[in-house]
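The values are calculated or read from the model by the stated rules, or taken from the named source; none is laboratory data. What you are looking at is a predicted structure, and each value in this text was computed from that prediction instead of being measured. All Cβ positions, even for glycine, are placed from backbone atoms using ideal geometry, and neighbour counts span all protein chains on display. We work out accessible area using only protein heavy atoms, side chains counted, and drop any ligands, DNA or RNA first. Shrake-Rupley method; radii C 1.70, N 1.55, O 1.52, S 1.80 Å.
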Amino acid sequence: MADALPLQNPNATTAEIAQSLRDIRERKKRRANLLRHLFLIICSFVMVYPLLWLLASSLKPDAEIFGNLSLWPTNFDWANYSEGWNALVVSFTQFFWNSTLITVLAVIGNVISASFTAYAFARLEFAGKNFWFALMMMTLMIPYHIVLIPQYILFLKMGWVDTYLPLIVPRFLATDAFFIFLMVQFFRQLPRELDEAAMIDGCSPFKIYWAIILPLSVPAMATAAIFSFIGIWQDFLPPLVYLNDVKDYTVPLALRMFSSQDSVSLYGPMFAMSVLSIIPIFFFFVVFQRLIVQGIAMSGLK
């Protein structure tokens, strides 16, 4: 009310009225910001709640997981972690090693092949470039289940089934159009004068790619790496199709083994191993967070 008094006072000066209007607008702005932040906090809690529930359930006895809805366990059962690590026929050490090996090699293959292909589409000129780029983008609309059977027959004839090759080798052949598109958008924003100056100095197209484009593309490559890491680490269907031996299973397949239709399901140990399976993704994201945000902003995906 104090801010509104100069507006009601006929003797108020123009400066006092202007200051009163600024105070009213500032107060409304603070109130709107407060409501906006409160709404975002509530939405954030709703999104984080499943992870909080997962973490709390990993510390509860099996009898308390579905009976106690509280996020705070009445009894902290750390035995779920030790029991879950050795509950299956193969230790989870082997499953984590399998997932790490597949994911690291596949991420390297994805980043290298996608950047190399994107460089050709973004910086080089060749016959039918627009056609091939459009054809590549059309593959984004093809569901994986449609190509699953032809791929399986191909890999079966090549003798790759029950090995890691079907999960790794295609990543080195630029089979993921999304990452190619991401890097194409980034490469197109780099000044063409860099290529022209390098060509005057005698650089070949590959030398330009290796010495100029790649060093400037670290944010885009980090973005592709983290998205690729998350997708491959939690991938379930391809390992399920191509891997038959339990000792070759990845972490998602191992987590599925905790739930059985003909015996007792070990929910506590399963939730505990699920928490551990999230840690590599969380750590990878935290380490490369700045580059990821920069890569998304500069590649046009925003």
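Report yes if some residue within the stretch 221-234 is outside any helix (DSSP H, G or I), open to solvent by less than 50 Å² (accessible area, probe 1.4 Å) and not β-branched (Val, Ile, Thr); otherwise report no.
No, the conditions are met nowhere in the stretch 221-234.
Would you mind stating whether Ala122 is assigned by TED's automatic domain parsing to the domain that holds Leu216, at pLDDT 90 or above, more than 30 Å from Ser259 (Cβ to Cβ) and in contact with a helix residue (DSSP H, G or I) (Cβ under 6 Å, 6 or more places away or on another chain)?
So Ala122 passes the test.
So Ser91 passes all but one of these: (1) touching a residue at least 12 places away in the same chain (Cβ under 8 Å); (2) open to solvent by less than 50 Å² (accessible area, probe 1.4 Å); (3) more than 30 Å from Met221 (Cβ to Cβ). Which condition number does it fail?
Going through the list (1) touching a residue at least 12 places away in the same chain (Cβ under 8 Å); (2) open to solvent by less than 50 Å² (accessible area, probe 1.4 Å); (3) more than 30 Å from Met221 (Cβ to Cβ), Ser91 breaks only (1).
Filter the stretch 164-196 down to the residues that are among the aromatic types (Phe, Trp, Tyr) and farther than 30 Å from Asn244 by Cβ, then identify the one that is most open to solvent (accessible area, probe 1.4 Å).
Phe181
Quick check on Tyr81: is it open to solvent by 30 Å² or more (accessible area, probe 1.4 Å) and in a helix (DSSP H, G or I)?
In short, yes.
Just the residues that are closer than 17 Å to Met273 by Cβ and buried (at least 22 other Cβ atoms within 10 Å of the Cβ), please, taken from the stretch 99-113.
Across the stretch 99-113, the qualifying residues are Ser99, Thr103.
What number of residues within the stretch 235-246 are assigned to a helix (DSSP H, G or I) and either without any contact (Cβ under 8 Å) to a residue 60 or more places away in the chain or farther than 14 Å from Thr100 by Cα (or both)?
6
Pick out the one residue from Phe126, Phe131, Phe116, Phe96 that is among the aromatic types (Phe, Trp, Tyr), surrounded by fewer than 14 Cβ atoms within 10 Å (Cβ to Cβ) and assigned to a helix (DSSP H, G or I).
Phe131
Find all pairs meeting these conditions: Cβ atoms under 6 angstrom apart; at least six residues apart or on different chains; first residue within the stretch 173-194 and in a loop (DSSP other than H, G, I, E, B); second residue modelled with pLDDT of 90 or more and small (Gly, Ala, Ser).
Ala174/Ser113; Ala174/Ala114
Report whether or not Thr103 is assigned by TED's automatic domain parsing to the domain that holds Phe179, of a type in the set (S, T, N, Q) and more than 19 Å from the chain's Cα centre (by Cα).
No.
Among the residues of the stretch 134-157, count how many are open to solvent by less than 90 Å² (accessible area, probe 1.4 Å) and not aromatic (Phe, Trp, Tyr).
Number of matching residues: 13.
Quickly run through the stretch 39-68 and pick out the residues that are open to solvent by 60 Å² or more (accessible area, probe 1.4 Å) and over 27 Å from the mean Cα position of the chain (by Cα).
If the condition is that a residue be open to solvent by 60 Å² or more (accessible area, probe 1.4 Å) and over 27 Å from the mean Cα position of the chain (by Cα), then Asp62, Ala63, Phe66, Gly67 are the ones that fit.
When both residues are 6+ apart or on different chains and their Cβ atoms are under 8 Å apart, which pairs have a first residue that lies in the stretch 197-224 and is farther than 14 Å from Phe186 by Cα, and a second that is surrounded by fewer than 22 Cβ atoms within 10 Å (Cβ to Cβ) and among the basic types (Lys, Arg)?
What qualifies is Ala198/Lys207; Pro205/Arg123; Ile208/Arg123.
Is one or more of the residues making up the stretch 69-78 surrounded by 10 or more Cβ atoms within 10 Å (Cβ to Cβ), under 17 Å from Leu266 (Cβ atoms) and in contact (Cβ under 8 Å) with a residue 24 or more places away in the chain?
Yes; the residues of the stretch 69-78 include at least one that is surrounded by 10 or more Cβ atoms within 10 Å (Cβ to Cβ), under 17 Å from Leu266 (Cβ atoms) and in contact (Cβ under 8 Å) with a residue 24 or more places away in the chain.
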